[in-house]
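One structure coming up, written as structure tokens, with questions to follow.
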Amino acid sequence: MFAPRKLLTLAGALLSALLITSSPAAVKSEMQTYVEAMQPGWNLGNSFDAPGSETGWGNPVVTQEFIQQIAAQGFKSIRIPVSWSDHTGAAPTYTVDTAWLDRVEQVVNWSLDAGLHVMLNMHHDSYWIREMPADYIARYTAVWQQIAPRFRDHPRELMLETINEPDFLNVDDATKITLVNELNTIAYDVIRGTGGGNATRPIVMPTVVTNASQMFLDGLKAKMVELNDSNLIATIHFYGYWPFSTNIAGVTTVDASVLNDINTSLNGAYDTFVAAGIPVVVGELGLLAYDADINAIERGELLKFFEIFTATAQSKGITWQWWDNGKFINRATYQWRDPELYGYLMRSVAGRTTTGSTDLVFLKKGLPVQDTVVQLNLNGNTFVSLKDGATTLQSGLDYTLSGEKLTLKARALSKYATGSFGEKAVFTVNMTSGLPWKLHVRYVDTPVASSVDTETGADIPVPLAFNGDLLKTVEAKYSDGTGIEPHAWTSFKQWRDTYTPDYANNQITFKKALFDKAKPGLLNFAFYFWSGKVVRYQMSIVDRAGQVGTELQIYGDGLAAGWNDWTSWATHDLASTDQAHSGTRSISVTPGAYGAVGLSNGGAAIDTSIYHTLVFWIHGGSVGGQSIGVGAVRGDDWSSPWTGIPAPVANTWQKVEVSLRSLGVDGSSNISRVLFQDWSGGDAPTFYIDDIVLTTAKASTSMDVYADPAVNMTPQVQITKGGYVLNRRTNRYVQTVVVKNTGSTPVTGPVYLVLDSLSANTTLSNSSGKTNVELPTGSPYVQVTSGALAANTQVSVSLEFTVPASGGITYDARLLTDGATP
């Protein structure tokens, strides 16, 4: 089933022995050499760690051809995450299903046959272990007592990882270290105790949550020193600095905090383990907000991040294994969905790739095209050429290169500042080695947002004409400056969880989560774009609680005329007398896994377009806590979304109001069914439903949202810029700018004038500083006034610019008001 490698391993060991004799200080440990031979690595994620079966999360059945493709694409190791809990029997034996063990072994053998090092682990079992049930030690031990013997005689290229991302709930960090080391020791003793190849098999041990915090590194190091075994490997995971990895808190670039996180993690792992002779594997590498089809991180920043991380890891002898949940390598066609990233990852093993301060070049409608400077990071490579597509550009005419400063001349760019908006060209910076750095030339105009009139309770799409620009981040806060949930500690919201841009349809969708806890009143939004443009927006939320509306009854003491239950698939009684909210009867439901009660309108057609809310009362029975979802159907269309409701309380009737908008049927004239379904996936205790109606009133928990840029920032502010005058005493150009409040109400101070996209070679000499809270970072600003700017009043400021080396002075002006501070 697998090719023998014992002779190769023995030869390697003899060579190491000879090297140790001749130059002990220069020789790596046998385990360090072993781990470096695993570089680069790949994870078979979301297959054998999926619930139920290897296809439980939508990935296809793993084939031998696919495993061979992993090796053919240049990977040297494969990590096979396996969750055993769904395939483990009850106490006291906790027997693992033999067919599951056979299938896992088959894929392990295919991987070894393909020439890959293999890391096999216990994966999502850490979820039940962290709750520390009374039998968790016995169960964990029993499963390892079955895994270890099965793989005892496999080649040494197979290593065993004790547990994935171990954690324990409701204990402090010191206790977590103790408990994780206990798991590591149990698995270690079981594996070593089975003898054979397991007597010296490499064993991979994680820190707490495989986190690289120094106290967790030190905790694992102490255990490894105590075990005194030269065949141990430490493992951590790395998904980047969290704000950058999820695009939250305004961290959109590979800034100092992102670099510090990389260096702190890898330096800590190196100093703690590698320098002490214990090799390290980053068992999972990725970014949290990046799949090949969902990317919340700007392209150039993403590529820079992985280039820097992999180069740093390579320099320290730390191997990484790419986390792939099925979104990167197409497991049917074997093609990478992101071939450019694949190229960066593979290149990192042999050398470095040149990057740049940006990969975006913006040409703005209405402004003269200027020379554009891009700071390159050559990373040891030598510049060869700059190309516009297939055309080689001319040095001195189209560009200049001084050290690592690349200047794109207006001559090469100006032909693209016309026509439709969007990407117009891709320039490539070509080097002696490594991949070219791409510069995406985009022609843009100021984005424009339009109003919507809608209701909370579901996602809210806002029309937004991007005009060729790209969204960087979104700020959302109340009029008093405080943040909005979720993550109210920052006004800069998290991409994807709270908003997503849709460039194809010119809209930005705000997620339901952003409004679930929103207070009635004014919400102020700012859309920040990579060109430096900022678009302000407001939403006015009006509480609709307490409204009374006309009702359409579905169930009272029985089904209303025209309604029946022929779509139910759960044990139920439409005339239960066990509990009743009103009258004497209710609907009792004792669901099995995903069982549902479906009430259908089979009578004369009813126009339901006037109804906005489904209202009912629910009783948790004697136990309560059931997980229940509610859905509605239009005609025979079952595609509408479902929504969960709060868990019912034992022995208590509670009123539930569900917005029809959250069910995707608001305004529909043909609501034909309403359904109540168990979402636990298992047997659940009986609950009761009574007094089900549709009502024209809005749910008391719903709010109307009216968004209109026309009322945005009610005080209207006008900026008037004068011409430039050369002050011969200071040799600076001076410009007078007038800021006037043309509205009828004051503009709250302090008021700052911010200069975005200031022309190259130009400095604002009397700048008050540079913005850091309000993006984009690095834009100089001056304070216009420390107090409020009253209605119909104006303030003038003088801007002092250094004399530019070439070209004119250009910038985009905007104001920070209403308490926003740079």
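The values are calculated or read from the model by the stated rules, or taken from the named source; none is laboratory data. All figures in this text were calculated on a predicted structure; none of them were measured in a lab. No Cβ is skipped: glycine too gets one built from the backbone with ideal geometry, and neighbour counts run over all protein chains shown. Remember, those area values only see protein heavy atoms, side chains included, never the ligands or the DNA or RNA. Shrake-Rupley method; radii C 1.70, N 1.55, O 1.52, S 1.80 Å.
Kindly write out, for the stretch 785-792 in residue order, the coupling ³J(HN,Hα) from the Karplus curve 6.51 cos²θ - 1.76 cosθ + 1.60 (θ = phi - 60°), rounded to whole Hz, with x marking Gly and Pro.
7, 7, x, 6, 9, 5, 4, 6
For the stretch 153-281, which whole percent of the accessible surface, found with a 1.4 angstrom probe, sits on carbon and sulfur atoms?
Carbon plus sulfur share of accessible area: 50 percent.
Given R₀ = 56 Å, what would the calculated FRET efficiency be for Ala199 paired with Thr432, taking r from the Cβ atoms and rounding to 0.05? Could you put the intermediate results ahead of the total?
Working: r = 49 Å, r/R0 = 0.87.
The computed FRET efficiency comes out at 0.70.
Going by accessible area, probe 1.4 Å, with all protein chains left in place, what is the ranking of Phe362, Phe466, largest first?
Details: Phe362 40, Phe466 5 Å².
Accessible-area ranking of Phe362, Phe466, largest first: Phe362, Phe466.
By how many nm would the segment from Asn260 to Thr550 lengthen if fully extended, with 0.36 nm per residue of separation less the alpha-carbon distance?
Contour length minus the Cα-Cα distance gives 98.4 nm.
So what does Thr391 come to for accessible area, using a 1.4 Å probe and Å² rounded to 10?
Per-residue accessible area (Thr391): approximately 80 Å².
Compute the distribution of all C-alpha to C-alpha distances in the stretch 319-455, in bins of 5 Å from 0, and list the percent of pairs in each, rounded to whole numbers.
2, 8, 16, 17, 14, 13, 11, 9, 6, 2, 1, 0
Just grab the label-to-label distance for Ile294 and Glu800, each label 7 Å out from Cα along the Cβ direction, in nm (one decimal).
A separation of 5.2 nm, rounded to one decimal place.
Take Ala488 and Asn170, extend 7 Å from each Cα along the Cα→Cβ direction, and tell me the distance between the two endpoints in nm.
Taking the simple label geometry, Ala488 and Asn170 are separated by 2.6 nm.
How far apart, in nm, are the 7 Å Cα→Cβ label points at Val725 and Gln73?
6.5
In addition: In terms of modelled amide H atoms, which long-range or inter-chain residues lie less than 5 Å from the amide H of Gly592?
Residues meeting the amide H criterion: Thr571.
Next up: From largest to smallest, what semi-axes in whole angstrom does the chain give when each is the square root of 5 times an eigenvalue of its alpha carbon gyration tensor?
48, 46, 23
Here is a follow-up. Quick one: order Ser586, Ser627 from most to least accessible surface, probe 1.4 Å.
On the way: Ser586 0, Ser627 50 Å².
Output order, biggest surface exposure first: Ser627, Ser586.
Using θ = phi - 60° and the Karplus curve 6.51 cos²θ - 1.76 cosθ + 1.60, what whole-Hz ³J(HN,Hα) does each residue of the stretch 123-132 get, with Gly and Pro shown as x?
Each residue of the stretch 123-132 in turn: 9, 6, 4, 4, 5, 7, 5, 5, 7, 6 Hz.
Here is a follow-up. Please give the FRET efficiency for Ala37 paired with Ala390, using the beta carbon to beta carbon distance and R0 = 30 Å, rounded to the nearest 0.05.
After rounding to 0.05, the efficiency reads 0.15.
In addition: Apply the Karplus parameterisation 6.51 cos²θ - 1.76 cosθ + 1.60, with θ equal to phi minus 60°, to every residue of the stretch 487-496 and state each ³J(HN,Hα) to the nearest whole Hz, in sequence, with x for glycine and proline.
For the stretch 487-496, the Karplus-derived couplings read 6, 5, 5, 10, 7, 8, 7, 8, 4, 6 Hz, x marking Gly and Pro.
Let me ask you something else. I'd like the accessible area for Lys221: 1.4 Å probe, protein heavy atoms, all chains in place, Å² to the nearest 10.
Here the residue's solvent-accessible area equals roughly 50 Å².
At a probe size of 1.4 Å, how large is the accessible area of Glu226, to the nearest 10 Å²?
Ignoring ligands and nucleic acids, Glu226 comes out at about 130 Å².
Starting from 0.36 nm per residue, how many nanometres of slack lie between Trp57 and Ala560 once their C-alpha separation is accounted for?
177.0 nm
Roughly to the nearest percent, how much of the accessible area of the stretch 509-653 is carbon and sulfur, given a 1.4 Å probe?
51
Here is a follow-up. Just check the stretch 125-225 against the gyration tensor rule for me: Cα atoms, a ≥ b ≥ c as the square roots of the eigenvalues, rounded for a/c under 1.5, and otherwise prolate or oblate depending on whether a/b exceeds b/c.
oblate
Now for a separate question. In whole percent, and with a 1.4 Å probe on the protein chains, what portion of the accessible area of the stretch 321-402 is carbon and sulfur?
Looking at the stretch 321-402 in its full context, I get 51 percent from C and S.
Let me ask something else. As a test of the formula, what do you get for the chain when each DSSP H run with n ≥ 4 contributes -39,500 (n - 2.57) and the sum is divided by the residue count, at 222 nm and rounded to the nearest 500 deg cm²/dmol?
-6000 deg cm²/dmol
Just the C-alpha atoms of the stretch 559-600: what Rg/Rh do they give, with Rh taken as the Kirkwood radius?
Rg/Rh: 0.99.
Around Ser491, which amide H atoms from residues at least 5 apart in sequence, or from another chain, sit under 5 Å from its own amide H, with H modelled in the peptide plane?
So Ser491 has HN proximity to no qualifying residue.
Let me ask something additional. Assuming 0.36 nm per residue, please report the length gained on full extension of the stretch Thr185 to Ser768 beyond their Cα-Cα distance.
That pair, Thr185 and Ser768, stretches by 204.0 nm at full extension.
Shifting gears a bit: Kindly report the accessible area of the stretch 227-322 per residue (heavy atoms of protein chains, probe 1.4 Å, no ligands, DNA or RNA), in Å².
Details: 2640 Å² over 96 residues.
Dividing the accessible area of the stretch 227-322 by its residue count gives 27 Å².
Any idea of the accessible area per residue across the stretch 149-202, 1.4 Å probe, to the nearest Å²?
Value returned for the stretch 149-202: 35 Å² of accessible area per residue.
Could you put Val717, Val96 in order of accessible surface area, largest first, with the 1.4 Å probe and the full protein assembly present?
Val717, Val96
Another question, then. What FRET efficiency comes out for the pair Glu340/Thr584, r = Cβ-Cβ distance, R0 = 60 Å, nearest 0.05?
0.30
Roughly how many Å² is the accessible area per residue of the stretch 32-99, as a whole number, for a 1.4 Å probe?
Counting only protein heavy atoms, the per-residue value for the stretch 32-99 is 36 Å².
Further, regarding this structure: Once amide H atoms are built 1.01 Å from N in the peptide plane, which residues 5 or more positions from Arg732, or in another chain, come under 5 Å H to H?
Those qualifying (amide H under 5 Å, at least 5 residues apart or on another chain) are Asn727.
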